[in-house]
Amino acid sequence: MPVRSTLFAAAGVLLALAAPATAQSDYPNRPVRLIIPFPPGGSNDVVGRMIGEQLGKQLGKQVVIDNRGGAGGVIGTELAGKAPADGYTLLVISLAHAVNPWLYKLPYDPIKDFAPIGVMGSGPNVVAVNPALPVNSIKELLALAKSKPGDIQYASAGVGSFQHLGGELFKLEAGVDMLHVPFKGGGPSMIDVIGGHTKVVFSSLVQTTPHLKTGKLKALGVGSKERSKVLPDVPSVSEAGVPTYEAVNWWGIVAPAGTPQPIIDKLHAALTAAQDSPEVEKQFATEGAIVIKKSPKEFGAFMVSEMQKWEQVVKKGGIKAE
């Protein structure tokens, strides 16, 4: 091969090798999409938008929220898993990500197909009822449920959602029978309870707090072991009559597997900075959530442990996808 041709070929190889490095070093140079695999109005959406705004400020580029609800989060998650692994498509995941493997034949691997970035935060659920339901405590709800087995309906964001798992755990631990009514997202389920059609919801404190403040819903108990600072007068479910009950949701961010480590590191640093911002701390405190920080490696291990934990609830509750 002539010397000139050899030099051109070598230069081409060097440019090809340098391109990915350059793309990583100036990341991001355009808006980043954050897929939320649930409709607007639920806790994933509320927390995702809180963090997404601050994450955009830290990255210096807009973070565009893309709600892709359906099938308990599977549709949006599959979309994110198949996106280019370049850091421009991210995904909000929550407890549902650890539950879906036991409910569905997934078109993705919940662990292998995603690169953990970090946990955003966590927050307990709250047992809330329509004010028209004649109960004012967990014990009164239990008494009513036991007097009318299968008659009281509770709404959820869908099969396998945090709301659903919280309700099924309540039924198991309290020994009561209540009828599950799934909706396509936390927003629609909340609207139905406020409207008085279904009467109970085991929703996240983040999503429920605004409606408690306006009197559209009535809180009976929170799912954390301790009382919430947001609702100091509301007992925990465990102290109010179901000693073994604990239901706490979490939210995190992942990227498609294969996303370059320098980009993962930059996103994790930006997420940490966003969590430290006064705006996020204030919003989280107001909504009843707390900031949780884990390294990408710690988050990966946490995801595995959550899958193992909730597998037992799914199996004991006989929960099946519809």
Considering (1) outside any loop (DSSP other than H, G, I, E, B); (2) free of Cβ contacts under 8 Å to residues at least 40 places away in the same chain; (3) not hydrophobic (A, V, I, L, M, F, W, C), say which one Lys225 fails and leave the rest. (1)
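Report yes if some residue within segment 108-117 is farther than 28 Å from Ile319 by Cβ, in contact with a His (Cβ under 8 Å, 6 or more places away or on another chain) and at pLDDT 90 or above; otherwise report no.
Yes, because at least one residue in segment 108-117 is farther than 28 Å from Ile319 by Cβ, in contact with a His (Cβ under 8 Å, 6 or more places away or on another chain) and at pLDDT 90 or above.
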Out of all the residues in segment 311-322, which are closer than 21 Å to Asp177 by Cβ and either part of a helix (DSSP H, G or I) or among the aromatic types (Phe, Trp, Tyr) (or both)? Gln312, Val313, Val314, Lys315, Lys316
Of these, Leu95, Leu90, Leu55, Leu59, which one is at pLDDT 95 or above and within 15 Å of the chain's Cα centre (by Cα)? Leu90
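For Tyr104, indicate whether it is aromatic (Phe, Trp, Tyr) and either crowded, with 23+ Cβ neighbours inside 10 Å or touching a Leu at 6+ places or on another chain (Cβ under 8 Å) (or both).
Working: aromatic (Phe, Trp, Tyr): yes; either crowded, with 23+ Cβ neighbours inside 10 Å or touching a Leu at 6+ places or on another chain (Cβ under 8 Å) (or both): no.
No, not satisfied.
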All but one of (1) out of contact with any Gly (no Cβ under 8 Å at 6 or more places or on another chain); (2) touching a residue at least 12 places away in the same chain (Cβ under 8 Å); (3) not aliphatic (A, V, I, L, M) hold for Arg68, so report the exception by its number. (1)
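Taking the options Lys294, Lys266, name whichever one is assigned by TED's automatic domain parsing to the domain that holds Pro84 and outside any helix (DSSP H, G or I). Talk me through it step by step, then tell me what you get.
Details: Lys266 fails: outside any helix (DSSP H, G or I).
Just one listed residue meets the conditions, Lys294.
The values are calculated or read from the model by the stated rules, or taken from the named source; none is laboratory data. Just so we're clear, the structure is a prediction, and the values are computed from it rather than from any experiment. When we count neighbours, we look across all protein chains shown, and the Cβ atoms used for this are built from the backbone with ideal geometry, even at glycine.
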